[in-house]
Structure formats: structure tokens, C-alpha cells
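See below for the structure under consideration.
The values are calculated or read from the model by the stated rules, or taken from the named source; none is laboratory data. What you see is a predicted model, and the numbers here were worked out from it, not measured in a lab. Reconstructed Cβ throughout: ideal geometry from the backbone, glycine too, with neighbour counts over all protein chains shown. For accessibility, only protein heavy atoms count, side chains too; no ligands or nucleic acids. Shrake-Rupley method; radii C 1.70, N 1.55, O 1.52, S 1.80 Å.
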Amino acid sequence: MIKKHIACIIILFASACLVLTGIFNSCNTAFYDAALKFKDGFLPHANDGKDKQVIRIDINESAISQLPQGMNAWENLAQILSFLNEEKSGIFLPSFFAENAPANPKRKILGQMQMSSCVVLPAITVPNEIIPYLNADISLAQKKIIEKHLCYPRVLNGQKIAKTDRLLIPDDDFCRFATSLAFVCVPQDTDKDSVLRRMNVFYAYGDGYIPSFAFALASKMLGIKQDSIVLDCGNKLTFSCEDGSEYKVPVDGEGRILIPYSSKELFSKIDFEYFAQAFSDTDASYQINSMLKNKTAVITDSTFEKSRGSQNFFLSPLGNTITENSAELCLLNAFLENSFFGIYPVYAKYAILFFTICVIFFASLSRRKLTFFLACIFLIILIAAAELFIFVYMNIAPWIAGPIPVILAGFIFELIRRSL
């Protein structure tokens, strides 16, 4: 009997040590990635985003290289913004680049931004360890600009929310016409394996918060009432819209949202070179005007980002390399469709653990070793299949980090007990 008690203590201690190493959380993450790939391939294909409210205007290296010689990309950008203003579409730039434009097209770009009803510009969060190496401190004018665009949601249990003491924003000339500043995801937002699975809704800055690009754009499109926003970390983000609808978005303890990635094109896209042709082609111009009608434009700008060396690349759980634009648009799509991945509440996790312990206990009553071991294997398969089913059909992210160590501990303990 003493040997059995000693064995029990050893197993419990070893299991606790394994849990502390994070190995089971790593297994849970690997299972989540596999489940997401299955879900992405399992669901039917979308209709190429034709019914969405957002349309992408993509400025990329391929587009620039295909422009006819002599065409000025900056002049074309100013004309694109003019097109958007004529269609009363907002201008949303997840990354910014126009500070490098020559003086004349820069004035035109600023003029079009001034005419727009909504311009969202990026505020890049700077890690604290990098701040001492920056060339200059933020100016008083920039501080006032940032303070003007801070939002003040009601935050509960927000001790672990990401915080930044320094933001990089566009030149003052451009910020004058911004209706909102918003951050885009950066490398420090990834998990330990450098995969971007979750995104912050807000970054704490000073006495307020800077919203994410996806949330800032969703606020405009959904008409989110700013005084209704409540971020309860470890529970949910709630807010109401002008049409009376209410949202409840699951968030983790750091106030982050699981990004519902998709390998499919979420929104219709117009390439930059096609836009450039439209300025001298009546048919192309008419077609672009039709595509922009009643749409909100998001300008993605990978070429200019690369020229500044500021492009951020990430790994997604689907196994591909993405830019911050792709991640933000995936999250934006979730806001527009109210289709987020749920997180198990605490009581549900306790229920799963209780069920697992009961099965292990009753299986241990069998005198045959084979029956018990087969029961453990069956239980693992059952939990994995159930988690996958719930994820695919109910959008609740898998959680095997709790039941698996319980099964493993029970398996090893029973193996030792029957050997004594």
C-alpha cells in the first residue's frame, strides 16, 4: 500500500512538472493549427468576396513593374484617392508610405485625404527595448495628435493588456486629415513559435488605448458606439452598434482575439496596374467605378513598405507566410460577419476534466489491463474527435491541454499500480 501511495505522489509531481514546462499547451496549439487547417479546407469556398462591403486596392511589386514607362506611381495614387472620394469611400491604410512622395503629388495626396470623410492611418507600436535606440523623442505636436485619437473603453481585468510607451505615426501633415489612428500587428504580437494566432484589440498608451486597424475600420463600418465598448479580459469584448445590434467577442486573458484565418480571398481586389490603366481607358474606368460603388476601400501597400524596410511578415497557423494586411483583413471580416472563434468558459473546462476523471476511474475498476489501456486510448480519440467537431460546427477553439495530462497521469499511475 505504501508503494502505491509513493507511486501516486511521484505521478502527481511528474505531471505537475510536465504541465509547468508548457508541453501540453504546445500540444494544444499543434492540435488547434491542425484543426484550423481541416476547418479551412472543410468549409465551402466563398464567392471571392463579391458581396462584401470592403474592396482591396493592392499596390505590389508586380503591379509597379507592369506600369508603362513614365507613369508616376505617386500621381496614380492621388488619382486613386480621388476615385475613392467620388464614390464617398473611406481611405484605410494599414501601413503608410506617402511621406516619401515628391512635393507635387504629395500635395495632391494630402488634398484628397482632406476631402475624404474617413481616413485611418497606422500608429506603429515600438517595443520598450527598442525605444532607447530611436533617433529622436516624440514631439509635443505628435503627442497631442495621438492623444486626440485615443479611445477610452471600459476595461476589466486589464493588467495583462499589451502596452506601449512609444508610437510611430505618419508626418504631421498627413495626421491632420486622419479621422483615426490605429495600430497594426507587429512581431512581438506573435506566439513563442513566431506564429500569429491572436491579435490585440487595444494597446494601452498613456491614459487611454489605441485600437487595432481591424477594430477601427469595423467601428466605422458597423457604427460602433464608443461609449458601449467593454473589454473584459479573459471573457469577452462587448459593444453595440447604431442599428441596435450587439456584439460579444471572446477574448483571452490579455484581451486578444483568435484570428479566424482563411486561405480564401476575403474581399474583392483591384490591382494597382489595372487602376493605372483606368485613367486612360473609359471601359476600365467604368468597371472600377462600378466595383467601388457602396464599398469601403482598403489600400494595401507591400511595395512601398518593402522600400522602407518596414514590411512585417508572419507565419499563420495555416502554414503560410502572410503580411500584417492579411491578418488585419481576416479579423476585419470576422467583425463584419460576427464570426469569431469561441473560447471555453471555466465551467466548461471543469466539466471536461470531471468527465475525463470519471471515465479513467471507472475504467480502472476493470481487472484486465488491456481493457483499461484501450479505454484510455479510446478516450483520447473521443476527446480529439469531439473537439474537432465542436470547432468545425460551433466555432469553439479546441482545448486538450487539460484532459490529456489527466489521461496520461491516470495511465501511468495505473500501469505502476498493476505492476506492484
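The amide H of VAL249, built 1.01 Å from its N in the peptide plane, has LEU237, THR238 as neighbours under 5 Å, considering only residues 5 or more places off or on other chains. Computed over protein heavy atoms with a 1.4 angstrom probe, the accessible surface ordering of GLU242, GLU337, GLU86, largest first, is GLU242, GLU86, GLU337. In segment 139-185, the portion of solvent-accessible area held by carbon and sulfur atoms comes to 47 percent [1.4 Å probe, whole percent, DNA, RNA and ligands not counted]. Rounded to the nearest whole Hz, the Karplus-based 3J(HN,Hα) values (6.51 cos²θ - 1.76 cosθ + 1.60, θ = phi - 60°) of segment 385-390 follow the sequence 5, 5, 4, 5, 4, 5, with x at glycine and proline. For LYS163, nonlocal amide neighbours, meaning residues 5 or more places apart or on other chains whose placed amide H falls under 5 Å from its own, are ALA204. Each label point was placed 7 Å from the Cα along the Cα-to-Cβ direction; for SER194 and ALA30 their separation is 1.9 nm.
Computed over protein heavy atoms with a 1.4 Å probe, the accessible surface of segment 184-242 works out to 35 Å² per residue. Placing a pseudo-label 7 Å from each Cα along the Cα-to-Cβ vector at GLU86 and ASP271 gives an inter-label distance of 2.3 nm.
Carbon and sulfur atoms: what percent of the 1.4 Å accessible area of segment 247-286 do they account for?
C and S fraction of accessible area: 42 percent.
Residues whose amide H comes within less than 5 Å of that of ILE259, counting only those at least five positions distant or on another chain, are ARG198, MET199 (H built at 1.01 Å from N in the peptide plane). Return the subset of LYS248/LYS349; LYS39/LYS248; LYS143/LYS293 for which the Cα-Cα distance in this structure is over 25 Å, preserving the input order. Beyond 25 Å between Cα atoms: LYS143/LYS293.
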